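Working notes for the structure below.
The values are calculated or read from the model by the stated rules, or taken from the named source; none is laboratory data. From a predicted model like this one, the values you see are computed outputs, not experimental measurements. Every residue, glycine as well, gets a Cβ built from its backbone with ideal geometry; the counts of neighbours run over all protein chains shown. All accessible areas refer to the heavy atoms of the entire protein, side chains included, with ligands and DNA or RNA removed. Shrake-Rupley method; radii C 1.70, N 1.55, O 1.52, S 1.80 Å.
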Amino acid sequence: MTRVFQMVGTGSSDSATMFNTSAAVVSESGAFLIDCGHTIKHALNDSGIGFDNISGIFISHVHGDHVFGLERVGYEYLFRLNRKVPLFIKREIYTELWDQTLKGSMGRIGEGEATLEDFFDVRYITDNQFEFDGVSYDVFAVDHTPGKPCFGICINRKILYTADTLAIPSIVTDYTYDYCFHDVSLHEGNPVHANLSSLLAYPPNVKQKLYLMSYGDDWQAFDNTVTTHFAGFAKQGMTIEL
Ligand SMILES: [Zn+2]
């Protein structure tokens with residue numbers, strides 16, 4: 001069975017043109033999503049994957065551009081498609097995800113009170129690793145908003161996907177991978193996303209493997225710098241065979 005990693009969206013939270021940053025591992029059995037922001041339905045349909053072909057979801061952390069699409073998936077899969085999507089999360093984000101975020105809009109349905117488990121097949125990630133549909137995933141903590149847990153993921157020891165984070169020099173040098181999709185803030189001074197200068201300080205052999213993601217609509221002004229020092233900008237629709 002052929003499997004590919006595919007970028008579904010590459011925009012920062014305020015991008016109006018590139019969908020929320022997320023990716024998918026796509027095979028004949030469906031698309032396993034890495035994050036599920038509020039643009040997910042349009043992004044999946046636009047990318048050719050199709051909103052109805054989700055086989056599973058991993059959530060890195062609880063910000064709207066990474067989780068608000070779960071409301072759409074939860075309702076449409078429960079009531080229209082009649083199935084629960086496996087939802088892989090670290091236990092550390094459960095309270096933020098359900099009690100503090102989704103419960104307000106999904107906590108009551110026609111049948112009465114509802115829980116996250118009524119909408120999804122919730123699977124907790126233990127020992128920081130899991131397998132799904134023949135692909136191995138290694139999960140690691142990254143450094144995003146203070147006090148808020150956030151996790152990156154390494155797919156088949158081939159693709160390192162950082163999710164939202166500041167620079168994580170020990171992880172990008174210690175892990176085994178061929179390609180890295182890394183959060184970036186193109187404008188300096190961002191306290192919770194990796195400023196471009198902090199990524200330029202990575203070793204050259206790391207920078208060669210880096211595709212930058214989660215960038216703003218003015219990315220073209222930085223294209224020269226990025227293509228000179230890194231593999232480039234991650235673009236929606238780009239694929240890597242797993
Ligand atoms: Zn975030």
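Set the Förster radius R0 to 25 Å, insert the Cβ-Cβ distance between ALA16 and THR145 as r into 1/(1 + (r/R0)^6), and round the FRET efficiency to 0.05.
0.65
Could you work out the equivalent-ellipsoid semi-axes for segment 70-153, taking the square root of 5 times each eigenvalue of the Cα gyration tensor, largest first, in whole Å?
25, 18, 9
Over all alpha-carbon pairs of segment 152-200, lay out the pair-distance distribution in 10 Å bins, whole %, shortest bin first.
Answer for segment 152-200: a P(r) of 29, 52, 18, 1 percent.
At a 1.4 Å probe radius, carbon and sulfur cover how many percent of the accessible area of segment 1-54?
Roughly 47 percent, rounded to a whole number.
Just the number please: accessible area per residue for the chain, 1.4 Å probe, all protein chains included, in Å².
Counting only protein heavy atoms, the per-residue value for the chain is 42 Å².
Taking every pair of Cα atoms in segment 160-242, average 1/r, invert it to obtain the Kirkwood radius, and report Rg/Rh to two decimals.
0.92
Near the amide H of VAL142, under 5 Å away, which other amide H atoms are found, from residues 5 or more places off or on another chain, if H is placed in the peptide plane?
The answer is CYS150, PHE151, GLY152.
For each pair in LYS90/LYS235; LYS103/LYS148; LYS207/LYS235; LYS90/LYS207, compute the distance between the two Cα atoms and list the pairs where it is over 25 Å.
As for pairs spanning more than 25 Å Cα to Cα, those are LYS90/LYS235; LYS90/LYS207.
Taking only the C-alpha atoms, wrap a convex hull around segment 4-241 and report its volume per residue in Å³ as a whole number.
In segment 4-241, the Cα convex hull volume per residue is 117 Å³.
Pick from SER105, SER27, SER214 the residue whose mean-square fluctuation is largest in a GNM of the chain, springs joining Cα atoms under 10 Å.
Residue with maximal mean-square fluctuation among SER105, SER27, SER214: SER105.
Can you check what the Kirkwood hydrodynamic radius comes to for segment 104-242, Cα pairs only, in Å to one decimal?
Hydrodynamic radius (Kirkwood, Cα pairs) of segment 104-242 is 16.8 Å.
Using Cα springs under 10 Å in a Gaussian network model of the chain, which residue among PHE151, PHE19, PHE132 shows the largest mean-square fluctuation?
PHE132
Compute the distance from the alpha-carbon center of segment 146-164 to that of segment 200-242, in whole Å.
Here the two parts' Cα centres lie 17 Å apart.
Helix 69-79 sits at what angle to the longest principal axis of the chain, using alpha carbons and giving 0 to 90 degrees rounded to 10?
It is inclined by approximately 30 degrees.
Please give the Cα centre distance for segment 1-62 versus segment 168-182, rounded to the nearest Å.
22
Per-residue HN-Hα couplings for segment 117-125, Karplus 6.51 cos²θ - 1.76 cosθ + 1.60 at θ = phi - 60°, whole Hz, x for Gly and Pro?
6, 6, 9, 10, 8, 6, 10, 6, 8
Of GLY48, GLY112, GLY56, which is the most mobile in a GNM of the chain whose springs link Cα atoms less than 10 angstrom apart?
Of GLY48, GLY112, GLY56, the most mobile in the Gaussian network model is GLY112.
What's the longest bit of the chain with no exposed trypsin sites (Lys or Arg not before Pro), using DSSP loop states and at most 10 other Cβ atoms within 10 Å as the test?
My reading of the result: 84-242 is the longest stretch.
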